[in-house]
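Student: Please read through the structure below; I'll follow up with questions.
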Amino acid sequence: MTKQTHAFQAEVKQILHLVTHSLYSNKEIFLRELVSNASDACDKLRFEALDNAALFEDQPNLEVRISFDEEAKTLTISDNGIGMSADEAASHLGTIAKSGTREFMAKLEGDQKKDAQLIGQFGVGFYSGFIVADRITVETRRAGLPADQAVRWSSEGTGEYELENITKPGRGTDVILHLREGEEEFLKTWRVKSTVAKYSDHISLPILMKKETWDAENAKQVITDEWEPVNKASALWSRSKSEVTQEQYEEFYKQISHDSEAPLAYTHNRVEGRSEYTQLLYIPQKAPFDLWNRDKRGGVKLYVKRVFIMDDAEALMPVYLRFVKGVIDSADLPLNVSRELLQESRDVKAIREGSTKRVLGMLESLANSEDAAEKQKYADFWKDFGQVLKEGIGEDHANQERLAKLFRFASTHADENVSLADYVSRAKEGQDVIYYITADSLAAAKHSPQLEIFRKKGIEVLLLVDRVDEWMLSHLYEFEGKQLQSVAKGAVDLGKLQDEDEKKKAEEVAESLKPLIDKLKESLKDRAKDVRVTTRLVDSPACIVVEEGDVSGHLARLLKQAGQ
Ligand code: ADP
Ligand code: MG
């Protein structure tokens, strides 16, 4: 193949522009991204080599090397991982294939400030090299292909890139950054080393740089030909808790989640017993842009005995916890496990149950904390993720009770953060049900005439205004022995909460109004099932209710909107 010039896909151009213009203030992240790609490439090789050991050629030790050339002003990140064929280089470094990224692009508004915040939510990846480089050359050979079928990809990061065929004896990829004027700091060992230590210490492969020594005669540092590791090279989750600092946990989270903020909470455990595994799980502070996509795969990576198996292993977490990020490293699963096998595996079932409990535990300790700041953290979490957590009530029967305790609602008592336990603790003497009303908005709920009698009597009513609430109610019938009851359904029997006098009076009134009621029934006979005298209203003359067991008015409207 002779040298060919190709145009970048339009989205790539957009990303390139954005990355180079809005991320400059945090430019050193390019090293994190490129080292992470090198490490991914080694993970992929190790995985493919499970079936084909010949891919290791004569180099079974996977590693990343970082070097620079002061004269040429280049910084090079090399790996001996899987490499890329010419087709792969063109598609991976010239187009954006991932659907998540496309969705992301659709969200960008052209407002640099907002976009720069959003950009943290997806991998800035390879293109971040252009923050500091005005040309990037990639020389790569796919493992298994002969030396003369390697390829050189090169671009200035504007509209196009070039591809040509080269010979490369070593397997894997060299990413050569031609540094922009003014970026010479990345030609200093200490600068590169400290950045790698900051962002990539948890990477499980050795990252090597050439050793420097002090030349006393000339009183300066000189670079030797000897390579030395600059990271610990042990996977973060395989270390014991006491060896990992909070900062390292947070940095690892940012790397795997592409989030620019620290996590809300994390848990790190080695589990032994029926099934043996290590879990390192994080809850983000803010919902990602694609939280509502239930088809989105989970955020948990699966490893088997430190070998990376797959990203986004959705079988490891229930769908309603799809916002959880992290790593599970199993000691029991076979290395060649597939997504299909995962769905059926008993070990995976045990891992999923154990991990679900851990996540709920993290949330409970925030929600039940005595510490006001922690409680606030839970309230913020609920705002972003509450609707997703509610999905769990139908999905995860085993944890229904724990989930219900984590739920927060608005009520006639407070606009937010009312737990079912709060409600029950404030219930009136003799009140054996939990009253609620569903509506499209808080304002609509609050102004419903159905609430009048409850207000008058000072009985709290939950105001359920999320779209998922109707669905949730079809799975959540009771809490601590108290049934959930709609105030808009049936006759509203206030039971013991109504005194005898009131009851009698109501019966007398009903009797005296019988002729009127009969007339109304007759004239509304095609439109109303029944007409009756009610005690539920205080100020309004009349209201519409649905029969016990019927679809609620609110749900009927939702179904109609959905075209059913
Ligand atoms: P991501 O890593 O999130 O997939 P990147 O922009 O960082 O996105 O990289 C895009 C793709 O380019 C990778 O998915 C991978 O297929 C390929 N790639 C990048 N760097 C390397 C490398 N060092 N070795 C092999 N493939 C690479
Ligand atoms: Mg990447």
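Student: Of the residues that make up the range 249-267, is at least one of a type in the set (A, V, I, L, M, F, W, C), in a loop (DSSP other than H, G, I, E, B) and within 21 Å of Arg358 (Cα to Cα)?
Tutor: Looking for residues that are of a type in the set (A, V, I, L, M, F, W, C), in a loop (DSSP other than H, G, I, E, B) and within 21 Å of Arg358 (Cα to Cα), one finds at least one in the range 249-267, hence yes.
Student: Here is a follow-up. Inspect all residues belonging to the range 131-148 and state whether any of them is at pLDDT below 95 and surrounded by 14 or more Cβ atoms within 10 Å (Cβ to Cβ). It would help to see each step written out before you state the result.
Tutor: First, the residues of the range 131-148 that are at pLDDT below 95: 131.
Right, trim to surrounded by 14 or more Cβ atoms within 10 Å (Cβ to Cβ) and you get 131.
Checked the range 131-148: at least one residue is at pLDDT below 95 and surrounded by 14 or more Cβ atoms within 10 Å (Cβ to Cβ).
Student: With the requirement that a residue be touching a residue at least 12 places away in the same chain (Cβ under 8 Å) and either surrounded by fewer than 17 Cβ atoms within 10 Å (Cβ to Cβ) or of a type in the set (Gly, Ala, Ser) (or both), what does the range 367-382 give you?
Tutor: Ala367, Ala379, Asp380
Student: Is it the case, given these coordinates, that Asn80 is in contact (Cβ under 8 Å) with a residue 40 or more places away in the chain and away from ligand 1 (no atom under 15 Å from the Cβ)? I'd like the intermediate steps shown before the answer.
Tutor: Values: in contact (Cβ under 8 Å) with a residue 40 or more places away in the chain: yes; away from ligand 1 (no atom under 15 Å from the Cβ): no.
No: the conditions fail for Asn80.
Student: Residues to consider are Ser441, Ser411; find the one that is at pLDDT 95 or above and either buried (at least 18 other Cβ atoms within 10 Å of the Cβ) or within 30 Å of Ala542 (Cβ to Cβ) (or both). So that I can check it myself, show each step before the final result.
Tutor: Values: Ser441 fails: at pLDDT 95 or above.
Going through Ser441, Ser411 in turn, just one is at pLDDT 95 or above and either buried (at least 18 other Cβ atoms within 10 Å of the Cβ) or within 30 Å of Ala542 (Cβ to Cβ) (or both): Ser411.
Student: If we only count strands (runs of 3 or more DSSP E) wholly inside the range 135-195, which ones have 2 or more residues that are within 16 Å of ligand 2 (Cβ to nearest atom)?
Tutor: 172-179
Student: Give the residue, chosen from Trp227, Trp214, that is at pLDDT below 95, over 30 Å from Leu18 (Cβ atoms) and among the aromatic types (Phe, Trp, Tyr). Show your work before the answer.
Tutor: Numbers: Trp227 fails: at pLDDT below 95.
The conditions single out Trp214.
Student: Quick check on this structure: which one of Val151, Val222 is more than 33 Å from the chain's Cα centre (by Cα) and free of Cβ contacts under 8 Å to residues at least 24 places away in the same chain?
Tutor: Sole residue among the options that is more than 33 Å from the chain's Cα centre (by Cα) and free of Cβ contacts under 8 Å to residues at least 24 places away in the same chain: Val222.
Student: Give the residues of the range 79-92 that are more than 16 Å from ligand 2 (Cβ to nearest atom) and either more than 25 Å from Asp311 (Cα to Cα) or surrounded by 14 or more Cβ atoms within 10 Å (Cβ to Cβ) (or both), sorted by residue number.
Tutor: Asn80, Ser85, Ala86, Ala90 - these are the residues of the range 79-92 that are more than 16 Å from ligand 2 (Cβ to nearest atom) and either more than 25 Å from Asp311 (Cα to Cα) or surrounded by 14 or more Cβ atoms within 10 Å (Cβ to Cβ) (or both).
Student: Given the conditions (1) crowded, with 18+ Cβ neighbours inside 10 Å; (2) within 16 Å of ligand 1 (Cβ to nearest atom); (3) among the hydrophobic types (A, V, I, L, M, F, W, C), which single one is not true for Phe68?
Tutor: Here Phe68 meets the rest and fails (2).
Student: Kindly list, by first and then second residue, each pair from a residue in the range 384-398 that is of a type in the set (S, T, N, Q) to a residue that is surrounded by fewer than 19 Cβ atoms within 10 Å (Cβ to Cβ) and part of a loop (DSSP other than H, G, I, E, B), limited to pairs with Cβ atoms under 8 Å and residues at least 6 apart or on different chains.
Tutor: Listed by first residue and then by second, the contacts come to Gln387/Asp466; Gln387/Arg467; Gln387/Val468.
Student: Please find, among Asp311, Asp290, Asp259, the residue that is among the charged types (D, E, K, R) and out of contact with any Lys or Arg (no Cβ under 7 Å at 6 or more places or on another chain). Please lay out each step first, then the result.
Tutor: Working: Asp311 fails: out of contact with any Lys or Arg (no Cβ under 7 Å at 6 or more places or on another chain); Asp290 fails: out of contact with any Lys or Arg (no Cβ under 7 Å at 6 or more places or on another chain).
Going through Asp311, Asp290, Asp259 in turn, the sole match is Asp259.
Student: A further question on this structure: Quick one: how many residues across the range 148-198 are more than 16 Å from ligand 1 (Cβ to nearest atom), among the β-branched types (Val, Ile, Thr) and over 27 Å from Thr5 (Cβ atoms)?
Tutor: Here the count works out to 3.
Student: Name the single residue, out of those in the range 469-502 being at pLDDT 90 or above and in a strand (DSSP E or B), that is surrounded by the fewest Cβ atoms within 10 Å (Cβ to Cβ).
Tutor: Among those that are at pLDDT 90 or above and in a strand (DSSP E or B), it is Gln483.
Student: Something else about it: Within the range 258-272, can one find any residue that is surrounded by 13 or more Cβ atoms within 10 Å (Cβ to Cβ), in contact (Cβ under 8 Å) with a residue 12 or more places away in the chain and more than 23 Å from the chain's Cα centre (by Cα)?
Tutor: So far as the range 258-272 goes, yes, one or more of its residues are surrounded by 13 or more Cβ atoms within 10 Å (Cβ to Cβ), in contact (Cβ under 8 Å) with a residue 12 or more places away in the chain and more than 23 Å from the chain's Cα centre (by Cα).
Student: Go through the range 324-350 and count every residue that is modelled with pLDDT under 95 and closer than 21 Å to His397 by Cβ.
Tutor: Looking only at that region, the number is 7.
Student: Also, quick follow-up: Quick check on this structure: which one of Lys505, Lys529 is at pLDDT below 80, in a loop (DSSP other than H, G, I, E, B), of a type in the set (Lys, Arg) and within 27 Å of His447 (Cα to Cα)? So that I can check it myself, show each step before the final result.
Tutor: Values: Lys505 fails: in a loop (DSSP other than H, G, I, E, B).
Result of the check over Lys505, Lys529: Lys529.
Student: For the range 192-203, state whether one or more residues are among the β-branched types (Val, Ile, Thr), closer than 30 Å to Leu321 by Cα, within 30 Å of the chain's Cα centre (by Cα) and surrounded by fewer than 19 Cβ atoms within 10 Å (Cβ to Cβ).
Tutor: No; the residues of the range 192-203 include none that is among the β-branched types (Val, Ile, Thr), closer than 30 Å to Leu321 by Cα, within 30 Å of the chain's Cα centre (by Cα) and surrounded by fewer than 19 Cβ atoms within 10 Å (Cβ to Cβ).
Student: Kindly provide the set of residues from the range 30-65 that are of a type in the set (D, E, K, R), away from ligand 1 (no atom under 15 Å from the Cβ) and in contact (Cβ under 8 Å) with a residue 40 or more places away in the chain, ordered by number. Walk me through it before giving the result.
Tutor: Taking the range 30-65 and keeping what is of a type in the set (D, E, K, R), we get 32-33, 40, 43-44, 46, 48, 51, 57-58, 63, 65.
Subset that is away from ligand 1 (no atom under 15 Å from the Cβ): 51, 57-58.
Result: Asp51, Glu57.
Student: Looking only at the range 30-65, count how many residues are aliphatic (A, V, I, L, M) and more than 16 Å from ligand 2 (Cβ to nearest atom). Full working, then the answer.
Tutor: Taking the range 30-65 as the starting set, the residues that turn out to be aliphatic (A, V, I, L, M) are 31, 34-35, 38, 41, 45, 49-50, 53-55, 62, 64.
From the residues that got through so far, the ones that are more than 16 Å from ligand 2 (Cβ to nearest atom) too are 49-50, 53-55, 62.
The qualifying residues number 6.
Student: Checking the structure you have, find out if any residue of the range 172-193 is modelled with pLDDT of 95 or more and of a type in the set (Gly, Ala, Ser).
Tutor: Looking through the range 172-193, at least one residue is modelled with pLDDT of 95 or more and of a type in the set (Gly, Ala, Ser).
The values are calculated or read from the model by the stated rules, or taken from the named source; none is laboratory data. None of these values were measured; they are calculated from a predicted model. Cβ: placed from backbone, ideal geometry, glycine included. Neighbour counts: every protein chain shown.
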